[in-house]
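As structure tokens, the structure follows; a few thoughts come after it.
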Amino acid sequence: MLYIRSLAFNFVFYLSLIVQMILWTPYYFLSPRDRAWFVPKFWSRTSMWLYKVIGGTDSEITGTENLPEGSFILAPKHQSFWDTIAFFPYLSDPLYILKRELTWIPFFGWYIMKMRMIPVDRGSRSKALKAVIAATKAELARNPRQLIIYPEGTRRAPGDEPAYKYGIVELYSQLGVPVVPVAHVAGLYWPRRKFLRFPGTIKARFLPAIPPGLDREEFMQRLIGETEAACDEFLIEAAKSDNAPPLPPTAAKRLAELGVTTKG
């Protein structure tokens with residue numbers, strides 16, 4: 001049954017993306033940006049609903065009271081495709097940094113450019129980071145926006161050792177806006193590089209904002225410490241739940257380090 005539901009959800013998920021992208025095209029491109037945001041946010045909510053109805057997995061996101069007004073950096077844990085689509089309905093004007101090649105994809109790339117996302121050319125990391133900072137400053141000067149940046153860069157398995165990159169520190173120092181960490185263990189339910197979708201409840205939390213102005217080391221310590229502590233709480237809760245998902249080796253190892261005994 002798990003395989004059937006996973007296969008059915010994956011099929012409907014991507015079909016919904018394609019169909020909605022085509023059907024919403026006239027409204028999306030003829031509307032001003034603030035109204036056009038309805039389309040991707042509606043698709044996100046639709047996807048979460050399909051995930052619940054077909055995949056049997058609910059999404060519970062808390063901590064919205066911790067989202068500041070105006071511009072800030074949202075720094076989610078990155079484990080799954082889920083965390084790339086689940087959060088932007090909660091933001092007024094999200095801003096993503098993405099590979100320039102994505103803007104060349106028909107429809108998808110046009111949707112991206114409509115929302116003034118920041119494309120990055122492959123090459124020198126230092127040059128790319130400088131370009132990103134300059135482009136982000138320009139966007140935040142035009143309108144209050146919320147930059148979504150994944151501090152670890154690539155997706156990592158639940159419970160894996162943290163590997164936060166320097167880029168988030170530089171953005172924090174240069175932009176002078178708060179950073180909101182986001183904790184979750186979505187990778188237990190929507191694993192990376194797998195088509196299986198495990199039932200249960202994905203819990204995520206917007207943590208209290210880290211104010212601007214801290215020195216780099218203090219900021220990084222707070223970001224890692226607060227994010228990882230909250231992720232550990234979610235990992236323990238998921239492992240002890242009545243409908244616990246399978247634990248990857250990284251999650252089992254982390255639970256052992258925390259002294260937690262699971263049902264399995």
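At-a-glance table
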quantity: Long-range neighbours under 6 Å by Cβ, at least six apart or interchain, first residue farther than 18 Å from Trp37 by Cα within the range 93-105, second open to solvent by less than 70 Å² (accessible area, probe 1.4 Å) and part of a strand (DSSP E or B); calculated: Arg100/Pro119
quantity: Pair list, Cβ < 9 Å and 6+ apart or interchain, from the range 6-27 residues that are under 24 Å from Pro245 (Cα atoms) to residues that are open to solvent by 60 Å² or more (accessible area, probe 1.4 Å); calculated: Ser6/Lys194; Ser6/Phe195; Leu7/Phe195; Phe9/Val53; Asn10/Phe195
quantity: Test: residue in the range 100-115 that is in contact with a strand residue (DSSP E or B) (Cβ under 7 Å, 6 or more places away or on another chain) and in a loop (DSSP other than H, G, I, E, B); calculated: no
quantity: Filter pass, Pro208 being open to solvent by 40 Å² or more (accessible area, probe 1.4 Å), more than 22 Å from Ser59 (Cα to Cα) and not in a strand (DSSP E or B); calculated: no
quantity: Candidate set: the range 217-255, residues that are of a type in the set (S, T, N, Q) and closer than 16 Å to Thr57 by Cα; chosen: the one modelled with the highest pLDDT; calculated: Ser241
quantity: Residues satisfying the stated conditions in the range 208-264, i.e. farther than 20 Å from Glu161 by Cβ, among the polar types (S, T, N, Q) and out of contact with any helix residue (DSSP H, G or I) (no Cβ under 9 Å at 6 or more places or on another chain); calculated: Ser241, Asn243
quantity: So Pro68, is it open to solvent by 60 Å² or more (accessible area, probe 1.4 Å) and out of contact with any Phe, Trp or Tyr (no Cβ under 9 Å at 6 or more places or on another chain); calculated: no
quantity: All positions within the range 170-181 that are open to solvent by 10 Å² or more (accessible area, probe 1.4 Å) and under 18 Å from the mean Cα position of the chain (by Cα); calculated: Pro178
quantity: Filter result (out of contact with any Lys or Arg (no Cβ under 8 Å at 6 or more places or on another chain) and not in a helix (DSSP H, G or I)) within the range 1-59; calculated: Met1, Trp24, Ser31, Pro32, Trp37
quantity: Whichever residue in the range 28-64 is out of contact with any Asp or Glu (no Cβ under 9 Å at 6 or more places or on another chain) and without any contact (Cβ under 8 Å) to a residue 12 or more places away in the chain and, among such residues, is farthest from Val182 (Cα to Cα); calculated: Leu30
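The values are calculated or read from the model by the stated rules, or taken from the named source; none is laboratory data. All of these numbers come straight from a predicted model, not from anything done at the bench. Note: ideal-geometry Cβ built from the backbone for every residue, glycine included; neighbour counts use all protein chains shown. Accessible surface is based on the protein model in full, side chains and every heavy atom, while ligands, DNA and RNA are left aside. Shrake-Rupley method; radii C 1.70, N 1.55, O 1.52, S 1.80 Å.
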